[in-house]
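Note sheet for the following structure.
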There are 2 protein chains.
Amino acid sequence: MYSVNENYLKLPGSYLFSNIAKKVAAFSAANPDAPIIRLGIGDVTQPLAPAIIEALHSAVDEMAHAETFHGYAPDLGYEFLRSAIAKNDFQARGCDIAADEIFISDGAKSDSGNIQEIFGPDCRIAVGDPVYPVYVDTNVMAGRTGTYDPKTETWSNVIYMPCTAENGFVPELPKEVPDMIYLCFPNNPTGAAITKDELQKWVDYANKNGAVIIYDAAYEAYITEEDVPHSIFECEGARTCAIELRSFSKNAGFTGVRLGATIIPKDLKCGDVMLHSLWARRHGTKYNGAPYIVQKAGAAVYTEAGKAQIKEQIAYYQKNARTIYEGLKNAGYTVSGAVNSPYVWLKTPDNMTSWEFFDFLLEKANVVGTPGSGFGPSGEGYFRLTAFGSYENTLEAIKRIENI
Amino acid sequence: MYSVNENYLKLPGSYLFSNIAKKVAAFSAANPDAPIIRLGIGDVTQPLAPAIIEALHSAVDEMAHAETFHGYAPDLGYEFLRSAIAKNDFQARGCDIAADEIFISDGAKSDSGNIQEIFGPDCRIAVGDPVYPVYVDTNVMAGRTGTYDPKTETWSNVIYMPCTAENGFVPELPKEVPDMIYLCFPNNPTGAAITKDELQKWVDYANKNGAVIIYDAAYEAYITEEDVPHSIFECEGARTCAIELRSFSKNAGFTGVRLGATIIPKDLKCGDVMLHSLWARRHGTKYNGAPYIVQKAGAAVYTEAGKAQIKEQIAYYQKNARTIYEGLKNAGYTVSGAVNSPYVWLKTPDNMTSWEFFDFLLEKANVVGTPGSGFGPSGEGYFRLTAFGSYENTLEAIKRIENI
């Protein structure tokens, strides 16, 4: 008789967004006229930029004729896209990354979930707390995390690195040395950024201790400050200790288009095994490449027109983030994030729990956000609002919160 | 110090297609004017059908406006596509499969590679021999296959089920009971089909012995015979023992568009654990859905226009398959496949090995095919030709082979 992967059964239910949906549905049923504004989602709302739409149409037309039809893509991605990423996202910033160190994928969620597979089963992971749930959950599925304590909502074999107001939401170097360190900056959910000097300390720590850093740079497009790095490869020595995950979702609005990239330098080795080779083998065996039309759309992001249009789109969301940040601050809230991020992270007032504040905000302002406790124990007492709504809705939501 | 997944290091190099490429390159260099025809590839060459192109353009236009823009897709797929598949591929054939038992993905390669992840580490797999390499390789990566014997090119903990001329390339029920049974019909690489009565025996065997069948139906569109099932769910009892993998690659030419589906009936349970729930958890945690525009293209496959156009495209490849089959037969070869498949499987003449025949065919006819031994030990002495070239090239290739 076959058996199932028992690790899957250890996963606690993922109730955050379904609980939110249930609460909002119940409130709407009781208050059918309440003009609810949703600032809880991490999904974009602006349409794709014209240069991207044009590239998509043009690629679709190519697929309509035998002479220009494209079948199986190279597993690791089309050269035209890998080169554009290498040049624009890395070499232009002085990062020593070559096109053949870039693997194209269907998005950073898949990559951040799958990357753990090339590591040994006994590797111990470290994560920020609060954190994007995919890092921990996929390691649970692989059996790396030990046992779950429902009281503390933590796993026995995970090193949690609290990100709190005290440390500016940037964790301390862990005292117990982990094997794999997940870092996400600018951070989801806190919106905190890390300076280049601070990140350099992590790179040095990883190199010194034989740890690998999995660096999630999905939100780098929102960086506005000079001393905040867009890539971990801006740090010296990162080529021997870091993997970087990139996304097209939040910079170019590809949440429904699906495109990402993972960068594994050829200098990153465990003994004499190149992690680059292992990931190439995984890509070649379990993946068949991102769609041609989507890779062409990705390349359009790096054209002059594409760059200009996307800059404008990001500026739109950045304006929303500033609007939320300033509005809440004026209303007396303790807020962070926003400056280099589409996320605003606020301390709940009057010692409310995250969920109490969720109910309070829904009832008094008809605004939906995300309880910080849903991202980990250190998120308790915090709340996330996002900049991905329309400007009009964002403005209205903040006016209502100010008026409570 | 972190470690790597040692199972990856056990994988022998995958040299089949790179060896082919090297040999062809060397031959071309020595014979620059040789008019080489490639009938080795499993990739389609005909452009996407007009109904699909239209759906793609229309979906791209939707992405250009905020009112019709689509962000994150449902992890498990859009209802419009799941319903179209349930209705057309299953309910229309009398198969009891509901839309919410269908999971949309980026293709059958990903699904056939990832599906093993929801099973226990001690499950023993059975595969046809020869076989599509992904089934075994992904179980190697998960540590299920024991040790590799380079002499026999087999793994100690895999049950190989020889598919030879003697059994009509349909394997016998294994004497040692496996936990997971991979079946692919119509088969890659042999092109063999299985009748409904024969497949029913496998379903009964699996139900009786507590095994699960992973049924790869990627080539079902090529079936021409009445008694050959298009889905394992045409068999009684399959809902309690089978998972089916579907592809849009070979029926609608989506090799470069990327779309697939996996069907897991809710009755398929290990104890009280529904495999459907495990796969839903995997999809929700490690995947973010197929692109909206690609799912719209998939739905166009099921429109009246789409169906008619795709039927024509499949007929084109079927004609190629018949041309190869008849031509080789007339030339005195022992051939099989083709009738329900885009693949023709031939016995090499004069006891040549598969690679000897590869060289022979390349040199004498300038035709490239795929050595059967590349798909497993029982493929030795066989050779695969595919119907995915143009009709003109196919005709010319066969003429040359006849004239050797």
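Where a number appears in this text, it was derived from the coordinates with a stated rule and is not lab data. Remember, predicted model here, so these are calculated numbers, not experimental data. Methodologically, a virtual Cβ is constructed for each residue, glycine included, from the backbone with ideal geometry; neighbour enumeration extends over all protein chains shown.
Give me the net charge of A:CYS123's neighbourhood, meaning all other residues with Cβ under 15 Å from the Cβ of A:CYS123; Lys, Arg count +1, Asp, Glu -1.
Within the 15 Å Cβ shell, the charges total -3.
Output the relative contact order of chain B, whole-number percent, from Cα pairs under 8 angstrom with separation of 6+ residues. Display every interim value, and only then the final one.
On the way: 772 pairs, mean separation 92.4, N = 404.
Here the relative contact order equals 23 percent.
Run the dipole for chain A about the Cα centre, Lys and Arg Cβ at +1, Asp and Glu Cβ at -1, nothing else charged, and hand back the magnitude in debye, nearest 20.
420 debye
Taking the Cβ of A:CYS235 as the center, what net charge do the other residues with Cβ under 12 Å away carry, scoring Lys and Arg +1 and Asp and Glu -1?
So the environment of A:CYS235 carries a net charge of -3.
Does a label point 7 Å from the Cα of B:ASN31, set along Cα-to-beta-carbon, have any residues of region B:328-359 with amide nitrogen under 16 Å, and which are they?
B:356-359
Cross-link candidates for B:LYS250: which lysines have Cα within less than 19 Å, leaving aside residues fewer than 8 places away along the same chain?
Once the sequence-local lysines are set aside, what remains near B:LYS250 is A:LYS286, B:LYS109, B:LYS296, B:LYS307, B:LYS311, B:LYS319.
First measure r as the distance between the Cβ atoms of B:TYR148 and A:GLU166, then evaluate 1/(1 + (r/R0)^6) with R0 = 60 Å and state the FRET efficiency to the nearest 0.05.
0.70
Work out the P(r) tail for chain A: percent of alpha carbon pairs separated by more than 37 Å, whole number.
The answer is 23 percent, as a whole percent.
Within the set of other residues whose C-beta is less than 11 Å from the C-beta of B:LYS296, count the net charge using Lys and Arg as +1 and Asp and Glu as -1.
Net local charge, B:LYS296 excluded: -3.
Name the residues whose placed amide hydrogens come within less than 5 Å of the amide hydrogen of B:CYS270, ignoring near sequence neighbours (fewer than 5 apart) on the same chain.
So B:CYS270 has HN proximity to B:LEU275.
Any idea what the A:LYS307 label distances to the other copies are, label 7 Å down the Cα→Cβ vector, nm, shortest first?
Computed spacing set for this position: 5.0 nm.
Cut-off 10 angstrom, C-alpha nodes, Gaussian network model of chain A. Which of A:HIS57, A:HIS230, A:HIS65 fluctuates the most?
With Cα springs under 10 Å in chain A, the top fluctuation among A:HIS57, A:HIS230, A:HIS65 is at A:HIS65.
Just report the Cα centroid separation between region A:24-65 and region B:332-404, whole Å.
Measuring centre to centre over Cα atoms gives 49 Å.
Measuring label to label, 7 Å along Cα→Cβ, what does B:THR224 give against each other copy in nm, shortest first?
6.7
At 7 Å along Cα-to-Cβ for each site, give me the label-to-label distance between B:ASP227 and B:TYR205 in nm.
About 1.8 nm, to one decimal.
What ³J(HN,Hα) values, in whole Hz, does the Karplus curve 6.51 cos²θ - 1.76 cosθ + 1.60 give for region A:204-215 when θ = phi - 60°, with x put for Gly and Pro?
Values, residue by residue: 4, 4, 5, 5, 5, 9, x, 9, 10, 9, 9, 9 Hz.
Give a residue-ordered list of calculated ³J(HN,Hα) values for region B:354-370 (Karplus: 6.51 cos²θ - 1.76 cosθ + 1.60, θ = phi - 60°; whole Hz; x for Gly, Pro).
4, 6, 4, 5, 4, 4, 4, 5, 5, 6, 7, 10, 6, 10, 9, x, 10
Projecting each Cα onto the charge dipole of chain B (Lys/Arg +1, Asp/Glu -1 at the beta carbon, about the Cα centre), which of B:PRO130, B:LEU76, B:ASN351 comes out farthest on the positive side?
So the residue we want is B:ASN351.
Between B:GLU363 and A:GLU79, what is the spin-label point distance in nm, taking each point 7 Å from the Cα along the Cα→C-beta axis?
So the two model labels end up 3.2 nm from each other.
Which distance in nm do the two modelled labels at B:HIS65 and B:LYS23 give, with both placed 7 Å along the Cα-to-Cβ direction?
If labels sit at B:HIS65 and B:LYS23, their model points lie 5.6 nm apart.
Please compute the Kirkwood hydrodynamic radius of region B:60-122 from all pairs of different C-alpha atoms, in Å with one decimal.
So the Kirkwood estimate lands at 14.1 Å.
So how long is each side of the protein assembly as shown along the principal axes, counting just the alpha-carbon atoms, biggest first, in Å?
88, 56, 49 Å, listed from the longest principal axis down.
Computed FRET efficiency, Cβ-Cβ of A:ALA280 and A:GLU356, R0 35 Å: what is it to the nearest 0.05?
On the way: r = 49 Å, r/R0 = 1.39.
Taking R0 as 35 Å, the efficiency between A:ALA280 and A:GLU356 is 0.10.
What is the distance in Å between the Cα centroid of region A:285-309 and that of region B:290-307?
First find each Cα centre; the distance between them is then 21 Å.
In whole angstrom, how far apart do the alpha carbon centroids of region A:89-146 and region B:204-272 sit?
That distance is 32 Å.
Which is the longest part of chain B that has none of the trypsin sites (Lys or Arg not before Pro) sitting in a DSSP loop with at most 11 other Cβ atoms within 10 Å?
B:176-404
Can you tell me which of B:ASN393, B:ASN188, B:ASN330 moves the most in a GNM of chain B? Springs connect C-alpha atoms under 10 Å apart.
B:ASN330
Out of A:THR323, A:THR164, A:THR68, any idea which swings most in a Gaussian network model of chain A, alpha carbons joined below 10 Å?
A:THR68
Per residue of B:42-54, what is the mean number of Cβ atoms on other protein chains within 10 angstrom of that residue's Cβ?
3
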